[in-house]
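The values are calculated or read from the model by the stated rules, or taken from the named source; none is laboratory data. Just so it is clear, the model here is predicted, and its values are computed rather than measured. Note: ideal-geometry Cβ built from the backbone for every residue, glycine included; neighbour counts use all protein chains shown.
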């Protein structure tokens, strides 16, 4: 987990199964909070609105923590999971006087947000891409397209010599 501020929010007894909620939570795990909210806004699952509300609550909890930098853009979803809650048992009438049992499942959703550490850059550090030296004794390779071009150019030179 990341160092720095970490906050979580939990919604209990949400009227969905933990498996269905887990599908939506998998979409936002590891993303920045703004991107996660945008993803949830356009997710076509009913539980997505509950997860978005929960994520906003976790962001608000992080803002209230002592030591928070104040930059919400540095927050990301470090963990999110759905645990199974209690199931309501109901009875559905069935043919010939029988009854089928219906389980109305609930879930406990948890979203944890953390603050990304600031990138520390040393003074005078080379910020450009490092240049790589070829290995000692290494042979430069041509791409297959470049080798085909060289073969065709060699063949055209032979035909020019033959015409002269």
Within the range 37-73, the residues that are part of a loop (DSSP other than H, G, I, E, B) and more than 15 Å from residue 14 (Cα to Cα) are 42, 43, 44, 65, 66, 67, 68, 69, 70, 71
Counting only residues in the range 1-15 that are surrounded by fewer than 17 Cβ atoms within 10 Å (Cβ to Cβ) and in contact with a strand residue (DSSP E or B) (Cβ under 6 Å, 6 or more places away or on another chain), the one farthest from residue 75 (Cα to Cα) is identified as 12
message: Going by what's in this entry, would residue 18 be described as over 30 Å from residue 103 (Cα atoms), crowded, with 16+ Cβ neighbours inside 10 Å and at pLDDT 95 or above?
response: no
Within the range 94-117, of all residues that are part of a loop (DSSP other than H, G, I, E, B) and touching a residue at least 12 places away in the same chain (Cβ under 8 Å), the one nearest to the chain's Cα centre (by Cα) is 116
Discussion item. Would you confirm, using the coordinates I've provided, whether residue 55 is surrounded by 13 or more Cβ atoms within 10 Å (Cβ to Cβ) and either touching a strand residue (DSSP E or B) at 6+ places or on another chain (Cβ under 7 Å) or under 21 Å from residue 87 (Cα atoms) (or both)?
Written reply: yes
Would you say residue 72 is under 18 Å from the mean Cα position of the chain (by Cα), surrounded by 13 or more Cβ atoms within 10 Å (Cβ to Cβ) and modelled with pLDDT under 95? yes
- Message: Here is a check on your reading of the model: is residue 45 in contact with a helix residue (DSSP H, G or I) (Cβ under 7 Å, 6 or more places away or on another chain) and farther than 21 Å from residue 71 by Cβ?
- Response: yes
